[in-house]
1. For region 200-259, with equal point scatterers placed on the C-alpha atoms only and solvent neglected, what are the log10 I(q)/I(0) values from the Debye formula at q = 0.14, 0.25 1/Å, to two decimals?
2. For region 49-120, what is the convex hull (Cα atoms) projected area averaged across all directions, in square nanometres?
3. For region 1-51, what does the alpha-carbon gyration tensor say about shape, rounded, prolate or oblate, given a ≥ b ≥ c as the root eigenvalues, a/c under 1.5 as rounded, and a/b over b/c as prolate?
4. Per residue, how large is the accessible surface of the chain? Use a 1.4 angstrom probe and give square angstrom.
5. What is the distance, in nm, between label points placed 7 Å from the Cα along the Cα-to-Cβ direction at E190 and at M50?
6. Compare the peptides 241-248, 199-206 by average per-residue count of other Cβ atoms within 10 angstrom and give them in order, highest first.
7. Under the 0.36 nm per residue contour assumption, what length would be gained going from the current alpha-carbon distance of A239 and Q83 to full extension?
8. At S107 and A151, where each label point lies 7 Å from the Cα along Cα→Cβ, what is the point-to-point distance in nanometres?
Amino acid sequence: MFLLVLNSSIIYTVDADLRSRALESLQSQGVEVRLNTRLRDVRQDQITIMEKNTGIGEVIPVGITVWAAGNAPVPFVRELLSQLPINAAASAGRINVDKWMRCPTPSQETFGSILVLGDIAYHEAQYKYDTTSEPLPQTAQVAGQQGAFVARMLNRGYDMSITPPTLPSLDKSEAFSLLRVWLVSRGLEEAPPFNFLSLGLLAYIGQEEALNQVMVGNVPLFNYSGKIAFVLWRSVYLAKQASSRNQALIAFDWLRTKVSRS
């Protein structure tokens, strides 16, 4: 028997019908799922779990325990936080950032010199779904858009020490550079804040089945689950690879795994 213990609901970021489909799929694969349950103790041959609502505990004998307890900040982040003001610290070891991915710094002179993005960046007022006050999940989709946003700001030469970041004052010989003229003509003398555009969520749930929630921003387009969703999940996975060499190697590995199992 396989036992899956989750602190909250399963894949809480997708719609309710997809969560139900994921739960049914795991149960059909022989996995017993315990939702809203905390892990209290892990020993060599047993674990202790406790229901969050009732506080009832249970000791379960185990052969192998796989503990996936979430993300923890790397030592560099902890060291950085120790040198930043107290208001830089967010929940779960993350770092507070403003709308331009800047974190608080010890002095005004150094403000704008540190940009934080990806899993470690936190700004609750900026990253909200319509139905929850929780920040967006720490996913590659969020980090990728933040990376592109920061790259644009740096390439355009915005002065990050002021709010909002603006194009620096230039002398006459530089004032008519093509990049500056292009930015000014588009009304981008000031850097726009970061806005995350959700394109949906993909999740693999085993046995060549997946969940797809496709959307643009807050507008849902369609949901898929099962084998069709698995094909889309793999297609997106391949398309996101950095090189055609990686795409070929991954596709060959999938084919070899498929043949060896048949």
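The values are calculated or read from the model by the stated rules, or taken from the named source; none is laboratory data. Computed from a predicted model, the values in this text were never measured in an experiment. Don't worry about glycine lacking a Cβ; one is built from the backbone with ideal geometry, like all the others, and counts go over all protein chains shown. Note: accessible area is taken over every heavy atom of the protein model, side chains too, but ligands, DNA and RNA are not part of it. Shrake-Rupley method; radii C 1.70, N 1.55, O 1.52, S 1.80 Å.
1. Taken in order of the listed q values, log10 I(q)/I(0) reads -0.45, -1.03.
2. On the way: hull surface 30.7 nm².
The number I arrive at for region 49-120 is 7.7 nm².
3. On the way: a/c = 3.73, a/b = 1.65, b/c = 2.26.
Since a/c reaches 1.5 but b/c is at least a/b, the shape of region 1-51 is classed as oblate.
4. Details: 16710 Å² over 262 residues.
Per residue, the chain has an accessible area of 64 Å².
5. 5.0
6. Details: 241-248: 10.8, 199-206: 17.8.
So the order, starting with the most tightly packed, is 199-206, 241-248.
7. Values: separation 156, 0.36 × 156 = 56.16 nm, distance 3.97 nm.
In short, 52.2 nm is gained.
8. 3.4
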